[in-house]
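*Asks:* I'd like to ask some things about the structure below.
The values are calculated or read from the model by the stated rules, or taken from the named source; none is laboratory data. Please read these numbers as outputs of a predicted model, since none were measured by experiment. Here the Cβ is made from the backbone with ideal geometry for all residues, glycine too, and neighbour counts use every protein chain on show.
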Amino acid sequence: MKQIDQMRRRAARYLDVEAVTIAPSTGVFSLSFDDIPVTAWTEAGPVLAEHGVKATYYVCGGLAGGVNMDRDQFRVEHLQALHAAGHEVGCHTFGHTSALRMDAEALRLSLDANAAWVAERLDGYRMTTFAWPFGDATVGAKRVVRERFALGRGVRDGINAGREDRALIRSIGLESRRLPGYDLEGLMAEAAAAKGWLTAYGHDVSDRPTDYGCTPDDLDRVLRLAKAAGLDVLPVSAAWAVVTHP
Ligand SMILES: [Zn+2]
């Protein structure tokens, strides 16, 4: 049964594709942080500032001030500070619930709640991009996400180039469990050569990260490699504006 469920999950992710053409004039790299553990701002923020780049922070209002995956999460003042510093804030549902556990109506309510929560704390700010909790997407949920956001970012490896699913943009995990398996230099070079869009997501950032996090040095290295490859480094929504051709 479990296997069938897994197959269904995998199949559902790829059905009902609304393709978009990703073809920037130069390769682009976007960095994002999901859930926003406090260190994604306190540790990563200075690295981003040093490189003079902006990232995208995918927020769940329901995680504010709490603990997730054994790490302290952001507080409202961190969200306000990163927003004021010019980083993008994107939507990650209100309660960090998998799309597999919500019908379309429950997802809409969750998105409404998160939009209201963020607007209230960021002076009416409206989020325009979305990241799937756990990377889980369904046909019905993708429809809802397409109605409301420019794109949905998943956790599927690879470079976005040519025809891609607007509701399931590829992304590599800046995660200690995954990083050793990536040829980052090769990926950056490929994104530059193919004139594609490489996106990455992380969580906590510390010298002793969780399996889902990375170190400040990892982050520094990723940004150095992106620049060395000649990629433009832009937050997700700003990247979207330059990578898409309908
Ligand atoms: Zn998440």
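*Asks:* Taking into account only those residues within segment 35-57 that are part of a strand (DSSP E or B) and in contact with a helix residue (DSSP H, G or I) (Cβ under 8 Å, 6 or more places away or on another chain), which is nearest to the ligand (Cβ to nearest atom)?
*Replies:* Only one residue fits best here, namely TYR57.
*Asks:* What number of residues within segment 101-133 are in contact with a Cys (Cβ under 9 Å, 6 or more places away or on another chain), of a type in the set (A, V, I, L, M, F, W, C) and within 13 Å of the ligand (Cβ to nearest atom)?
*Replies:* The total comes to 2.
*Asks:* Does LEU223 satisfy the criteria of being in contact with a Ser or Thr (Cβ under 8 Å, 6 or more places away or on another chain), modelled with pLDDT of 95 or more and over 24 Å from GLY95 (Cα atoms)?
*Replies:* Judged against the criteria, LEU223 is not a match.
*Asks:* Please specify each residue of segment 164-198 satisfying the condition of being closer than 15 Å to HIS245 by Cα and acidic (Asp, Glu).
*Replies:* GLU164, ASP165
*Asks:* Going residue by residue through segment 209-229, is there one that turns out to be outside any loop (DSSP other than H, G, I, E, B) and of a type in the set (Phe, Trp, Tyr)?
*Replies:* No, segment 209-229 has no match at all.
This table checks each residue for (1) among the small types (Gly, Ala, Ser); (2) crowded, with 22+ Cβ neighbours inside 10 Å; (3) modelled with pLDDT of 95 or more; (4) out of contact with any strand residue (DSSP E or B) (no Cβ under 8 Å at 6 or more places or on another chain).
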position	(1), (2), (3), (4)
ARG178	no, no, no, no
MET188	no, yes, yes, no
ALA191	yes, yes, yes, no
HIS203	no, yes, yes, no
SER206	yes, no, yes, yes
THR215	no, no, yes, no
LEU234	no, yes, yes, no
ALA241	yes, no, yes, yes
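*Asks:* Return the total of residues in segment 58-100 being without any contact (Cβ under 8 Å) to a residue 24 or more places away in the chain, within 14 Å of the ligand (Cβ to nearest atom) and part of a helix (DSSP H, G or I).
*Replies:* Going through segment 58-100 one residue at a time, the tally reaches 0.
To keep it simple, each residue is scored yes or no on (1) under 18 Å from the mean Cα position of the chain (by Cα); (2) at pLDDT 95 or above.
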{"position": "VAL59", "(1), (2)": "yes, yes"}
{"position": "VAL67", "(1), (2)": "no, no"}
{"position": "HIS92", "(1), (2)": "yes, yes"}
{"position": "ALA99", "(1), (2)": "yes, yes"}
{"position": "LEU109", "(1), (2)": "no, yes"}
{"position": "TRP117", "(1), (2)": "no, yes"}
{"position": "THR128", "(1), (2)": "yes, yes"}
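*Asks:* Then there's this: Taking segment 69-88 as the search range and keeping residues that are of a type outside the set (Asp, Glu), modelled with pLDDT of 95 or more and over 17 Å from the mean Cα position of the chain (by Cα), which one is surrounded by the most Cβ atoms within 10 Å (Cβ to Cβ)?
*Replies:* HIS78
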